[in-house]
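Trainee: Input: one structure, supplied below.
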């Protein structure tokens, strides 16, 4: 029997995900925090999204739109319940505190120190709730970077990510999505899960602090490691890879095809399919290091053979032989490709009249299913049910 969506306790009781029973007070907005809390909600947590009377900034970030609502907001706020509260209003602030008292986890991305005047900062709340898991997301920490605006583009710029993105003779370029925000949200999610595990053993909460710049540097993995470990300053290489070859787009008879050879065995198979097996034994190309040193010589030799067939023809042949390759698709084509592979990339969130197609949660469980019971909420849409959940009067 489906849960009564007007009764949050009944909804929480019927949740089957691995985080069923966990209550999250979501005081975050824009992307990193909301992405994190949506992942928690997908896994069964009851998430109360506390917004200002103006609403989350991303509600106004259009185009594109779906039925007058910004798809940016819709993309990271399913399975949540919205209540609009003005913390400068005594009654609304009291409601915020009541929500937090029922929560196991609080997620916020206010300017550092911004919640202290409302008594919603970690120091104040932890004195009352030693078991509270409190997650703070900032742009650049709480020390010398406290005044820097916490926007993804700023973090891409100062982390080196933009300097690595683009053509060697072109200008630095941002990644086509707010990737640092997403990475930060995932790091915050990891920290929350670790803190909940610790709390289950000790009964104690924790204060997690995650920032965009640290997350970006962690997400740069081998590139930031090159700077830290080897004193190397990585540079823009377009679609090429500093350590792997061939690992980039190649022209074919009709359009470019990605070839992503990760080891010498794959290179041997590639050469066999291209009918140039001698390249695999040539000392200039036989090992990954040698191929990297002689990539300018190898590329035209491979391109000459690839010109004999179209990209999809080669893709089918390489796929059958286990040679990593891929056509370059649009985002919409990528969704269709995932569907063709049986990954079911689209899930419909919501019940009744409000049903919105969303991108499916990326993790699957044998023991439970991710639930998509709640469409991304309209501003303050769940005020009455949240008030009933709190035992407060509705109005």
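The values are calculated or read from the model by the stated rules, or taken from the named source; none is laboratory data. Predicted, not measured: the structure shown is a model, and the values here were computed from it. Virtual Cβ from ideal backbone geometry, glycine too; neighbours counted across all protein chains shown.
Trainee: Take the conditions assigned to a loop (DSSP other than H, G, I, E, B), touching a helix residue (DSSP H, G or I) at 6+ places or on another chain (Cβ under 6 Å), closer than 14 Å to residue 377 by Cα and at pLDDT 95 or above and apply them to residue 30. Does it pass? Quick ask: steps written out before the conclusion?
Mentor: Working: assigned to a loop (DSSP other than H, G, I, E, B): yes; touching a helix residue (DSSP H, G or I) at 6+ places or on another chain (Cβ under 6 Å): yes; closer than 14 Å to residue 377 by Cα: no; at pLDDT 95 or above: yes.
Spelling it out, it is not the case that residue 30 is assigned to a loop (DSSP other than H, G, I, E, B), touching a helix residue (DSSP H, G or I) at 6+ places or on another chain (Cβ under 6 Å), closer than 14 Å to residue 377 by Cα and at pLDDT 95 or above.
Trainee: Answer with yes or no whether residue 63 is in contact (Cβ under 8 Å) with a residue 24 or more places away in the chain, assigned by TED's automatic domain parsing to the domain that holds residue 90 and either part of a loop (DSSP other than H, G, I, E, B) or surrounded by fewer than 21 Cβ atoms within 10 Å (Cβ to Cβ) (or both). Can you show your working first?
Mentor: Values: in contact (Cβ under 8 Å) with a residue 24 or more places away in the chain: no; assigned by TED's automatic domain parsing to the domain that holds residue 90: yes; either part of a loop (DSSP other than H, G, I, E, B) or surrounded by fewer than 21 Cβ atoms within 10 Å (Cβ to Cβ) (or both): yes.
Answer is no for this residue.
Trainee: Sticking with this one: Quick check on my filter: what residues within the stretch 344-361 are more than 28 Å from residue 7 (Cα to Cα) and under 18 Å from the mean Cα position of the chain (by Cα)? First the steps, then the outcome.
Mentor: Going residue by residue through the stretch 344-361, those that are more than 28 Å from residue 7 (Cα to Cα) are 344-345.
Of everything in the stretch 344-361, just one residue is more than 28 Å from residue 7 (Cα to Cα) and under 18 Å from the mean Cα position of the chain (by Cα), namely 345.
Conditions (1) in contact (Cβ under 8 Å) with a residue 24 or more places away in the chain; (2) under 20 Å from residue 167 (Cα atoms); (3) touching a helix residue (DSSP H, G or I) at 6+ places or on another chain (Cβ under 8 Å), marked per residue:
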{"position": "264", "(1), (2), (3)": "yes, no, yes"}
{"position": "269", "(1), (2), (3)": "yes, no, yes"}
{"position": "288", "(1), (2), (3)": "yes, no, yes"}
{"position": "295", "(1), (2), (3)": "yes, yes, no"}
{"position": "307", "(1), (2), (3)": "yes, no, no"}
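Trainee: Can I ask one more? Out of the residues in the stretch 33-50 that are touching a helix residue (DSSP H, G or I) at 6+ places or on another chain (Cβ under 7 Å) and not in a helix (DSSP H, G or I), state the one that is farthest from residue 109 (Cα to Cα).
Mentor: If we take residues in the stretch 33-50 being touching a helix residue (DSSP H, G or I) at 6+ places or on another chain (Cβ under 7 Å) and not in a helix (DSSP H, G or I), then 46 is farthest from residue 109 (Cα to Cα).
Trainee: What number of residues in the stretch 309-321 are over 11 Å from residue 273 (Cα atoms), surrounded by fewer than 17 Cβ atoms within 10 Å (Cβ to Cβ) and touching a helix residue (DSSP H, G or I) at 6+ places or on another chain (Cβ under 9 Å)?
Mentor: Number satisfying all stated conditions: 0.
Trainee: Can you tell me which residue is nearest to residue 70 (Cα to Cα) among those in the stretch 322-334 that are in contact (Cβ under 8 Å) with a residue 12 or more places away in the chain and surrounded by 12 or more Cβ atoms within 10 Å (Cβ to Cβ)?
Mentor: Of the stretch 322-334, the ones in contact (Cβ under 8 Å) with a residue 12 or more places away in the chain are 322-328.
From what is left, the residues that are surrounded by 12 or more Cβ atoms within 10 Å (Cβ to Cβ) are 323-328.
On the way: 323: 40, 324: 37, 325: 35, 326: 31, 327: 30, 328: 27 Å.
Filtering the stretch 322-334 for residues that are in contact (Cβ under 8 Å) with a residue 12 or more places away in the chain and surrounded by 12 or more Cβ atoms within 10 Å (Cβ to Cβ), the one nearest to residue 70 (Cα to Cα) comes out as 328.
Trainee: If you don't mind, there's one more thing I want to ask. Which one of 140, 110, 118, 87 is under 26 Å from residue 186 (Cβ atoms), assigned by TED's automatic domain parsing to the domain that holds residue 205, touching a helix residue (DSSP H, G or I) at 6+ places or on another chain (Cβ under 7 Å) and touching a residue at least 12 places away in the same chain (Cβ under 8 Å)? Full working, then the answer.
Mentor: Working: 110 fails: touching a helix residue (DSSP H, G or I) at 6+ places or on another chain (Cβ under 7 Å); 118 fails: under 26 Å from residue 186 (Cβ atoms); 87 fails: under 26 Å from residue 186 (Cβ atoms).
Of the residues listed, the single one that is under 26 Å from residue 186 (Cβ atoms), assigned by TED's automatic domain parsing to the domain that holds residue 205, touching a helix residue (DSSP H, G or I) at 6+ places or on another chain (Cβ under 7 Å) and touching a residue at least 12 places away in the same chain (Cβ under 8 Å) is 140.
Trainee: Now, a different point. Name every residue in the stretch 273-283 that is in contact (Cβ under 8 Å) with a residue 12 or more places away in the chain and surrounded by 14 or more Cβ atoms within 10 Å (Cβ to Cβ), in order of residue number. I'd like the intermediate steps shown before the answer.
Mentor: The initial filter retains those residues of the stretch 273-283 that are in contact (Cβ under 8 Å) with a residue 12 or more places away in the chain, namely 273-276, 279-280.
Selection gives 273, 274, 276, 279, 280.
Trainee: Here is a follow-up. Would you check which residues across the stretch 234-254 are touching a strand residue (DSSP E or B) at 6+ places or on another chain (Cβ under 7 Å) and touching a residue at least 60 places away in the same chain (Cβ under 8 Å) and list them?
Mentor: 249
Trainee: Can residue 55 be described as surrounded by 20 or more Cβ atoms within 10 Å (Cβ to Cβ), in contact (Cβ under 8 Å) with a residue 40 or more places away in the chain, assigned to a loop (DSSP other than H, G, I, E, B) and at positive phi? Working first, answer last.
Mentor: On the way: surrounded by 20 or more Cβ atoms within 10 Å (Cβ to Cβ): no; in contact (Cβ under 8 Å) with a residue 40 or more places away in the chain: yes; assigned to a loop (DSSP other than H, G, I, E, B): yes; at positive phi: yes.
When the stated conditions are applied, residue 55 does not pass them.
Trainee: I need the strands (runs of 3 or more DSSP E) fully contained in the stretch 66-146, keeping only those with at least 1 residues that are more than 25 Å from residue 392 (Cβ to Cβ) and under 19 Å from the mean Cα position of the chain (by Cα). Before the answer, list the steps.
Mentor: On the way: elements: 80-84, 105-108, 133-138.
Where strands (runs of 3 or more DSSP E) fall fully within the stretch 66-146 and carry at least 1 residues being more than 25 Å from residue 392 (Cβ to Cβ) and under 19 Å from the mean Cα position of the chain (by Cα), they are 133-138.
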